Amino acid sequence: PTPTPSPVRPPTEHDAAVSAMPARVVHNLKLRQHQGYWVLDTWARGAVAMQRGGGLVPRADGDVLLASLPKSGTTWLKALAFAVMARAAHPPASPDHPLRRLNPHDCVPLIDRLFAAGRDAVLDELPSPRLMCTHMPLSLLPATVADGSSGCKIIYICRDQKDALVSMWHFLKRNGLQNLSLQEVYESFCEGTCFGGPVWNHILEYWRASKANPSRVLFLRYEQLLQDPTDSIRELAEFVGQPFTSSEEEAGVVTEIVELCSMENLVSQKANKEGSQGVFIKFSHNSYFRKGVAGDWMIHMTPEMGKHLDAILRDKFDGSGLTI
Ligand code: A3P
């Protein structure tokens, strides 16, 4: 990704707030520091717009917001949540299911980008309960979403950060930064200056909210999903108030959702082989799918590098009940 000027002209009303934020360039991406977090420069405007009155207004009849750090399994979670929540209109085995025609990112909008581009009016068109996604930290979301007082439910996906950083490295290499070294990405994660970082704070905020308010925030782990997707899908369905009925269980709907959202199925779809995602920076659809395994970091990092990052996170998570 190259931060070249885009034809999209974002709204200018938050320009002054954005230019007052500290900036730095990490892996060719311009980041801004907003309330302690590094966010994409182009999205910083979105963070401000979302928080203001009349920004992201949760609906009384319920919204579901998927949240994650990039490269933590967002695409998979989008597919799963969409398949679960839309299953009445779109049975997972149906040959013309949207996930067989569209990239998962086209099924669940990323609010950060919409607010940044001044295109958030599309959220008003979504039927209830709206299914949306964010990479923003909890504390950058509107207060009533963050404190759980609105009807908005949040599903957070957390991944081993060693695998997430290796995934980020491959993702950026596939999107124009062929010469990026793993060491550079590693250092930005350890220093807390990567996109969405410090990653430990991003994870901890959602973790604490899930402990304080489990009916509002569901904390999922990518590795758990890999181990037993059916259990996590049932948990997700229950959480959004659409538990599987016994006749759905008998008909094998849960397994159909696992298959529909599997890496094998998604990568085989034309919509995921071509095209790209993004308004300000384009990311190819196929770059969202690679290996989809746990522990790939061991192929690319030394055990010492792994131990060092683990030690940082263990220290940050100390006393929270969250394990790495
Ligand atoms: P790897 O690069 O380790 O393979 P995100 O969606 O947040 O950008 O995360 C991308 C990571 O999720 C990539 O990890 C990608 O391969 C993996 N992924 C994408 N779709 C998946 C799926 N259906 N099942 C499992 N993992 C998936």
Checklist entry - Looking only at segment 178-235, which residues are open to solvent by less than 30 Å² (accessible area, probe 1.4 Å), at negative phi and away from the ligand (no atom under 16 Å from the Cβ)? => result Ser188, Cys190, Thr193, Pro198, Trp200, Leu204, Ala209, Ser210, Val217, Leu218
Checklist entry - Within segment 98-126, can you find the residues that are within 16 Å of Ser262 (Cβ to Cβ), out of contact with any strand residue (DSSP E or B) (no Cβ under 9 Å at 6 or more places or on another chain) and surrounded by 20 or more Cβ atoms within 10 Å (Cβ to Cβ)? => result Leu99, Pro104
Checklist entry - Which residue, of Asp112, Asp124, is at pLDDT 90 or above, part of a helix (DSSP H, G or I) and touching a His at 6+ places or on another chain (Cβ under 8 Å)? => result Asp112
Item to check | From the options Ala89, Ala44, Ala16, residue that is more than 16 Å from the ligand (Cβ to nearest atom), in a loop (DSSP other than H, G, I, E, B) and small (Gly, Ala, Ser) | outcome: Ala89
Checklist outcome for this item: Within segment 170-196, the residues that are touching a Leu at 6+ places or on another chain (Cβ under 8 Å), in a loop (DSSP other than H, G, I, E, B) and within 24 Å of Phe289 (Cβ to Cβ) are Leu180, Cys194, Phe195, Gly196
Checklist entry - Of all helices (runs of 4 or more DSSP H) completely enclosed by segment 211-311, which ones contain at least 1 residues that are within 25 Å of Asp96 (Cβ to Cβ)? => result 229-239, 246-251, 253-260, 263-268, 270-273
Checklist outcome for this item: Every listed condition ((1) under 30 Å from Arg174 (Cβ atoms); (2) open to solvent by 50 Å² or more (accessible area, probe 1.4 Å)) holds for Ala93 save (1)
Item to check | Scope segment 47-71; condition touching a Gly at 6+ places or on another chain (Cβ under 9 Å) and under 30 Å from Lys291 (Cβ atoms); matching residues | outcome: Ser68, Leu69, Pro70
Checklist outcome for this item: When segment 250-268 is checked residue by residue, the ones that are more than 10 Å from the ligand (Cβ to nearest atom) and surrounded by fewer than 17 Cβ atoms within 10 Å (Cβ to Cβ) are Glu250, Ala251, Gly252, Thr255, Glu259, Ser268
Checklist entry - Has segment 65-86 got at least one residue that is more than 16 Å from the ligand (Cβ to nearest atom), touching a helix residue (DSSP H, G or I) at 6+ places or on another chain (Cβ under 9 Å) and open to solvent by 10 Å² or more (accessible area, probe 1.4 Å)? => result yes
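The values are calculated or read from the model by the stated rules, or taken from the named source; none is laboratory data. Given the structure is predicted, the values throughout are model-derived calculations rather than measurements. Please note: Cβ atoms are built from the backbone with ideal geometry, for glycine as well, and neighbour counts cover all protein chains shown. These accessible areas exclude ligands, DNA and RNA; they are computed on the full protein's heavy atoms, side chains included. Shrake-Rupley method; radii C 1.70, N 1.55, O 1.52, S 1.80 Å.
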